[in-house]
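The values are calculated or read from the model by the stated rules, or taken from the named source; none is laboratory data. Worth saying up front: this structure is predicted, and the values here are computed from it rather than measured. Please note: Cβ atoms are built from the backbone with ideal geometry, for glycine as well, and neighbour counts cover all protein chains shown. Just the protein is used for accessible areas: all its heavy atoms, side chains included, with ligands, DNA and RNA removed. Shrake-Rupley method; radii C 1.70, N 1.55, O 1.52, S 1.80 Å.
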Amino acid sequence: MTTLRPFTCDDLFKFNNVNFDPLTETYGLSFYTQYLAKWPEYFQLAESPSGQIMGYIMGKVEGLLDNWHGHVTALTVSPDYRRLGLAALLMNFLEDISEKKRAYFVDLFVRKSNQVAINMYKNLGYIIYRTILEYYSGDQDEDAYDMRKAMSRDVNKKSVIPYTQPVRLEDIDMN
């Protein structure tokens, strides 16, 4: 049986098995602790009965007026626990928190090459809102999809009307 529980500072020393995936963005300890301090309700993990960290989700709520939204900063599941529905469980948790915070939508960024994740998000009701050129840096810069799902507060679904042209990161308001 999987347990969802709040992420704690101690978990920062136990979650390497989850972060070893090349598609998982890994941040410095100060980044994780900032999220824990500012948005603890958005930082949850899935734990096995033996105490093994199976996966986690880290997010936040941000924006102004009708741009008030939940954001998925990181979602990852250990390779040993994939294809069990844990990512969907974690996403549903973050969406529920966003609903309680009266967000208009939830958004996330995903590499254009990560078709498995893109399909999963589409199955959860997300749409490709826009393409952000060269969002991910590395040996070869890679574009990202900004994917969104409208929450119940966005009655007219204005937050998910897609852009038709790609944008550059410096040209968008990230709030």
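Tally Lys and Arg at +1 and Asp and Glu at -1 over the other residues with C-beta under 14 Å from the C-beta of ASP173: what net charge comes out?
-4
What net charge do the residues around LYS112 carry, taking every other residue with its C-beta under 10 Å from that of LYS112, with Lys and Arg at +1 and Asp and Glu at -1?
Values: positive: ARG111; negative: GLU142, ASP143.
Taking every Cβ under 10 Å from that of LYS112, the sum is -1.
So between ARG82 and CYS9, what do we pick up on full extension, going 0.36 nm a residue minus the alpha carbon distance?
23.9 nm
Could you let me know the centre-to-centre spacing of region 78-108 and region 134-175, using Cα atoms, in angstrom?
If we compute the Cα centre of each part, the gap is 18 Å.
Counting pairs of alpha carbon atoms under 8 Å apart in space and at least six apart in sequence, what relative contact order in percent does region 111-159 give?
Answer for region 111-159 is 34 percent.
Using each residue's phi in region 142-159, evaluate 6.51 cos²θ - 1.76 cosθ + 1.60 at θ = phi - 60° and report the 3J(HN,Hα) Karplus result to the nearest Hz, with x for Gly and Pro.
My calculation for region 142-159 gives 10, 6, 10, 9, 8, 9, 9, 9, 6, 9, 4, 5, 8, 4, 8, 6, 5, 6 Hz in order.
With the crude spin-label approximation of a point 7 Å out along Cα→Cβ, what separation in nm comes out for GLU142 versus LYS158?
3.5
So which GluC sites (Glu not before Pro) in region 104-175 pass both tests, a DSSP loop state and at most 12 other Cβ atoms within 10 Å of the Cβ? Present the calculation step by step, with values, prior to reporting the outcome.
Values: sites: GLU134, GLU142, GLU170; in loops: none.
Here no GluC sites (Glu not before Pro) fit, given the DSSP loop and packing criteria.
Which percent of the accessible heavy-atom area of the chain goes to carbon and sulfur, probe 1.4 angstrom?
51
Relative to the present Cα-Cα distance, how much length would full extension add between ASN92 and GLN52 at 0.36 nm per residue of separation?
12.3 nm
Around ARG5, under 10 Å between beta carbons, what's the net of Lys plus Arg minus Asp minus Glu among the other residues?
After counting each charged neighbour, the total is -2.
What are the ³J(HN,Hα) couplings of region 39-52, residue after residue, when phi is run through the Karplus curve with 6.51, -1.76, 1.60 and θ = phi - 60°? Round to Hz, x for glycine and proline.
Coupling constants for region 39-52: 9, x, 5, 9, 10, 10, 9, 9, 10, 7, x, 7, x, 6 Hz.
Compute a Gaussian network model of the chain, connecting alpha carbons closer than 10 Å, and tell me which residue from LEU108, LEU29, LEU89 fluctuates the most.
Fluctuation is largest for LEU29.
Skip the ligands, DNA and RNA, and give the accessible area per residue of the chain with a 1.4 Å probe, whole Å². It would help to have the intermediate numbers written out before the result.
Numbers: 9530 Å² over 175 residues.
Solvent-accessible surface per residue comes out at 54 Å².
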